[in-house]
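Peer 1: Pasting a structure here, questions to come.
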Amino acid sequence: MKRRILLVDDELPILLTLKAVLEINGFEVVTAASAREAETKLRSGVYHMVITDMRMETETSGYDVIRVAREQQYNPATAILTAYPALGSDWQSRGAESLLVKPQGTEDLLRQIEVLLIQHEDKKQASHNPHARDAAAASEGARGRKVS
């Protein structure tokens, strides 16, 4: 089964390029060109991961997308894609699990996405299986929270 990603960015060239790269590498990708469109798609579909730009309709539109993603029962992994990495740690307190800085090389981006998906799935499994919590906590500590 292909892992499904919702990719959100208001810059069409970035959206289309990332979509192509992810699809070539085996992901099913659904796109949204605004936070509003992403929120609608999050409520009507199921995704393994949401990658959103930060600055779209407003300077913090990405946080709105993350908030709606976090409200979904299917609990997708979440990452903010930004050209402005000076967000401090606010992105973590707002629910994002990873900060992806653009532009970056394709291999680095794919590696970071894979690591985040694995970490997120480990956390989901641990929350459903009390015996797996210790293993997931050890795994989380070994990997660190920020993907780089």
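Peer 1: Restricting attention to the range 60-79, which residues are in contact with a Ser or Thr (Cβ under 6 Å, 6 or more places away or on another chain) and either small (Gly, Ala, Ser) or not in a helix (DSSP H, G or I) (or both)?
Peer 2: GLY62, ALA69, ALA79
Peer 1: May I pose another question? Does ALA69 satisfy the condition of being buried (at least 19 other Cβ atoms within 10 Å of the Cβ), within 22 Å of GLY45 (Cβ to Cβ) and modelled with pLDDT of 90 or more?
Peer 2: Considered against the rule, which asks whether it is buried (at least 19 other Cβ atoms within 10 Å of the Cβ), within 22 Å of GLY45 (Cβ to Cβ) and modelled with pLDDT of 90 or more, ALA69 comes out as yes.
Peer 1: Continuing with the same structure: Of everything in the range 95-116 that's buried (at least 19 other Cβ atoms within 10 Å of the Cβ) and hydrophobic (A, V, I, L, M, F, W, C), which residue is modelled with the lowest pLDDT?
Peer 2: LEU99
Peer 1: Here's another thing I want to ask about it. What residue, among those in the range 1-29 that are among the acidic types (Asp, Glu) and surrounded by 16 or more Cβ atoms within 10 Å (Cβ to Cβ), is nearest to THR82 (Cα to Cα)?
Peer 2: Across the range 1-29, the extreme among qualifying residues is ASP9.
Peer 1: Hey, GLU57 hits all of (1) at negative phi; (2) outside any helix (DSSP H, G or I); (3) at pLDDT below 95; (4) in contact with a Phe, Trp or Tyr (Cβ under 9 Å, 6 or more places away or on another chain) but one; which does it fall short on?
Peer 2: (4)
Peer 1: Okay, moving on. Name the residues in the range 1-46 that are in a helix (DSSP H, G or I) and of a type in the set (Gly, Ala, Ser), would you?
Peer 2: Answer for the range 1-46, where residues must be in a helix (DSSP H, G or I) and of a type in the set (Gly, Ala, Ser): ALA20, ALA35, ALA38, SER44.
The values are calculated or read from the model by the stated rules, or taken from the named source; none is laboratory data. It should be emphasised that the depicted structure is a prediction, and the values quoted were computed from it without experimental measurement. Glycine also receives a Cβ, built like all others from the backbone with ideal geometry; neighbour counts cover every protein chain displayed.
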